[in-house]
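The values are calculated or read from the model by the stated rules, or taken from the named source; none is laboratory data. Note that this is a predicted model, so its numbers are computed, not measured. Neighbour counts are summed over all protein chains in view; Cβ atoms, including those assigned to glycine, are modelled from backbone coordinates with ideal geometry. What goes into the accessible areas is simple: the full protein's heavy atoms, side chains included, and nothing from ligands, DNA or RNA. Shrake-Rupley method; radii C 1.70, N 1.55, O 1.52, S 1.80 Å.
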Amino acid sequence: VMLMFFTRINTGFRHFLPAYIFMLMLAGRAMVGATRGRQVLLWGAVGASWIHTLSYHPDYLSYFNHPMEKPWLICNDSNVDWGQGLKEVSRWLDVHPTDRPVYLRTDWDLIWPDYYLGNRVRRLKIFEAVPKTGLLIISPVWEAGYWDPTDEYAFLRPEHPLDVIGHAMPVYD
């Protein structure tokens, strides 16, 4: 848990799962030993967390139950972004038409952005210069800098995105 949340080591959330099993066992134990009033309170918390999870529909892959401005800076890689937001990027571009250039920085298979977005965006490749004008839609993997040896997009970390598409694709001007 310490490595995952307090260092820049990209451990991935899947390495947290063994500890999660013990947390679930502890939660079950707390429920069994609780008084009737406390059980009602605990079931209310379970219901509230279920409702909060529904607020992320259909973006469950990028769900975080702790309100954070940029959760992908703490937990990243395949835990947040597998390219599942490309359909939503397409819809976002339909709703927000612009005559400015739109750049896309991702790390996915080349066919999917072309399939969903066509020529509406210009794909940036690794080691390609960061654009100076236009809109940038970026995979959080690149903003966090885990796989980028030059950490080109580090300047975006303190910035606020214009929008976040699919809870996992920040848009910067």
Next on the checklist: One residue is enough: does the stretch 54-64 have a residue meeting the conditions closer than 17 Å to His167 by Cα, modelled with pLDDT of 70 or more and surrounded by 13 or more Cβ atoms within 10 Å (Cβ to Cβ)?
Outcome noted: yes
Checklist entry - Is there any pair with a first residue in the stretch 64-88 that is under 20 Å from Arg120 (Cβ atoms) and a second that is open to solvent by 80 Å² or more (accessible area, probe 1.4 Å) and modelled with pLDDT of 75 or more whose Cβ atoms are under 7 Å apart and which are 6 or more apart or on different chains, and what are they? => result Gly83/Trp112; Leu86/Trp112
Next on the checklist: Which of the helices (runs of 4 or more DSSP H) found entirely inside the stretch 79-173 contain at least 2 residues meeting this: at pLDDT 90 or above?
Outcome noted: 86-95
Checklist entry - From the list Tyr172, Tyr103, which residue is open to solvent by less than 70 Å² (accessible area, probe 1.4 Å) and within 24 Å of Ile74 (Cβ to Cβ)? => result Tyr172
